[in-house]
1. For the stretch 465-489, give me the residue count where each residue is touching a residue at least 12 places away in the same chain (Cβ under 8 Å) and in a helix (DSSP H, G or I).
2. If I filter the stretch 104-131 down to residues being closer than 22 Å to residue 184 by Cβ and β-branched (Val, Ile, Thr), which single residue comes out as modelled with the lowest pLDDT?
3. So in the stretch 129-179, with the set limited to residues that are farther than 22 Å from residue 97 by Cα and charged (D, E, K, R), which one is most open to solvent (accessible area, probe 1.4 Å)?
4. Those residues that are in contact with a strand residue (DSSP E or B) (Cβ under 9 Å, 6 or more places away or on another chain), under 23 Å from residue 201 (Cα atoms) and modelled with pLDDT under 90, I need them from the stretch 225-266; list them, please.
5. Give just the number: which of (1) surrounded by 18 or more Cβ atoms within 10 Å (Cβ to Cβ); (2) within 25 Å of residue 317 (Cα to Cα) does residue 182 not satisfy?
6. How many of the residues making up the stretch 387-441 are under 20 Å from residue 371 (Cα atoms), of a type in the set (Lys, Arg) and not in a loop (DSSP other than H, G, I, E, B)?
7. Might you let me know whether the stretch 451-465 holds any residue that is among the basic types (Lys, Arg), over 26 Å from residue 384 (Cβ atoms) and exposed (fewer than 14 other Cβ atoms within 10 Å of the Cβ)?
8. Got a sec? Which of 441, 482, 423 is under 25 Å from residue 286 (Cα atoms), open to solvent by less than 70 Å² (accessible area, probe 1.4 Å) and out of contact with any Pro (no Cβ under 9 Å at 6 or more places or on another chain)?
Amino acid sequence: MDSIAILDFGSQYSQLIARRVREAQVYCELFPFDAPEEKVLAMHPKAFILSGGPNSVYDPGAPDLPEYVVRSGKPVLGICYGMHLLARSLGGHVTASRQREYGRAEVRPNSTPSILPRAAFQAWMSHGDTVESMPAGFHATATSDNCTVAAMEDPARKLFALQFHPEVKHTEHGIEILAAFLRAAEIKPEWTPGSVVEESVAEIRRRVGTAPVVAGVSGGVDSTVAAALVHRAVGSQLTCIFVDNGLLRAGEPDIVVETFGKTLGAKLIAVNAAEEFLEALAGVAEPEKKRKIIGEKFIRIFEREALRIAGKPGDQARFLVQGTIYPDVVESRGPERKTADKIKTHHNVGGLPEDLGFELVEPLRFLFKDEVRKVGLELGLPEALVWRQPFPGPGLAVRCLGEITWDRLEILRGADKILTDELGNAGMLRGDTAQAFAVLLPVRSVGVMGDGRTYQEVCALRAVTTEDFMTADWARLPHELLARVSSRIVNEVKGINRVVYDITSKPPATIEWE
């Protein structure tokens with residue numbers, strides 16, 4: 001299968017480049033710019049894309065273009081900083097722009113562009129440097145008011161460079177421009193949900209062989225699709241373990257057990273470990289510590305259950321299946337993203353104990369959420385299950401801010417159920433909101449109920465729209481619906497006397513509060 005290697009030089013849009021390439025049904029992976037050559041070339045990329053970045057090519061210690069990129073003789077697309085690297089490494093000259101250019105700009109193609117539209121279009125610029133003189137073999141294919149070389153190419157060597165960002169939605173025809181590069185690189189669109197399932201099943205069988213496997217399942221989309229993939233590969237070798245950690249939504253344990261048994265037909269063991277988790281979390285308020293405690297507790301329970309299933313030491317499962325997806329890796333600064341800043345630890349990425357007694361099987365590790373859903377449908381999972389709203393691995397522990405107690409969890413469960421029920425009644429749990437939930441804040445406010453003064457906790461409502469969960473916008477819910485939810489929570493959930501609505505996008509915020 002044809003593939004592309006994307007080298008990340010620190011751009012805020014690097015993940016968007018990967019998204020757009022995959023939307024064109026071409027497999028790609030995102031590598032740090034300084035990833036070992038052998039690691040990048042091991043995927044046998046048919047072309048390279050160089051991302052933008054915050055540096056100037058002349059900054060001390062600024063990232064350089066790896067020599068193997070040009071040496072490979074493969075097609076290359078340089079974007080913004082990637083354009084500057086390509087120009088400089090091939091003998092061109094880059095200099096500071098007379099005027100920095102940020103935001104929309106009109107790009108005017110000349111008469112010879114091979115991957116650009118013929119007519120002028122609006123594009124998203126974000127640069128302070130510009131290509132002053134092009135390398136031998138290149139010619140300019142577009143200009144803008146502040147940039148004499150807004151795009152350039154060397155068609156003989158299939159080297160292309162853009163000063164603007166085609167991956168962002170603000171750029172008109174951006175998707176078509178990327179698709180034109182893929183055609184110029186003669187890359188076939190072969191990466192489909194069917195091919196993902198086929199390749200994943202083959203890889204799981206190769207790696208696992210005849211060994212027993214356990215899967216940690218929560219009833220969420222990611223863990224269910226991961227388990228379904230492994231079950232397709234190894235059948236009865238798989239035992240699924242559902243741990244009720246006391247941090248689930250209202251009625252969720254019963255729903256998970258019933259749904260999972262009917263859907264997959266895989267062996268399922270349900271473990272009630274609520275007391276163990278709450279005891280371990282007692283007095284803990286710091287979110288990173290919560291995540292690490294929960295991650296380790298899950299593993300210890302999986303180890304214990306694997307030994308119990310086997311019957312004797314040495315016979316227990318060696319492999320553990322997890323529903324880790326690509327946004328988890330990015331936000332937790334997994335090993336594939338060693339140059340990125342860590343945003344927060346995901347319990348199934350950075351929250352696992354060092355003495356892990358399993359080898360991890362993570363068939364969804366390089367998939368975005370929408371791709372996971374497509375794979376789930378390809379596997380024949382019901383739409384209602386595939387389109388369930390995401391629920392974090394640490395559960396309500398990261399929505400119950402501050403110290404966790406059973407009483408506070410029950411308050412949060414009640415508020416969350418009201419929000420979910422009202423959104424469901426309004427038909428807004430799928431397209432209108434990609435994720436919606438309640439958060440219990442460790443903040444008390446004064447209120448008046450009846451003729452008495454109250455001093456109770458505050459509930460925040462969060463609802464977002466997003467395609468890939470890498471970026472998100474707050475959902476514009478109808479005021480009447482918000483009023484109804486607020487009224488019901490204050491009147492029906494004892495312990496809450498104030499409701500607020502979170503109107504922050506991602507970035508700067510994350511979707512979850514912790």
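1. 7
2. 112
3. That would be 169.
4. 260, 261, 264, 266
5. For residue 182, the failing item is (2).
6. Number satisfying all stated conditions: 0.
7. Applying the first criterion (among the basic types (Lys, Arg)) to the stretch 451-465 yields 453, 462.
When the remaining residues are screened for being over 26 Å from residue 384 (Cβ atoms), the result is 453.
If we keep only those that are exposed (fewer than 14 other Cβ atoms within 10 Å of the Cβ) as well, we get 453.
Within the stretch 451-465, one or more residues are among the basic types (Lys, Arg), over 26 Å from residue 384 (Cβ atoms) and exposed (fewer than 14 other Cβ atoms within 10 Å of the Cβ).
8. Result of the check over 441, 482, 423: 441.
The values are calculated or read from the model by the stated rules, or taken from the named source; none is laboratory data. No experiment lies behind these values; they were computed from the predicted model shown. Cβ sites come from the backbone with ideal geometry, for glycine too, and all protein chains shown count toward neighbours. The accessibility values were calculated without ligands, DNA or RNA, using every heavy atom of the protein model including side chains. Shrake-Rupley method; radii C 1.70, N 1.55, O 1.52, S 1.80 Å.
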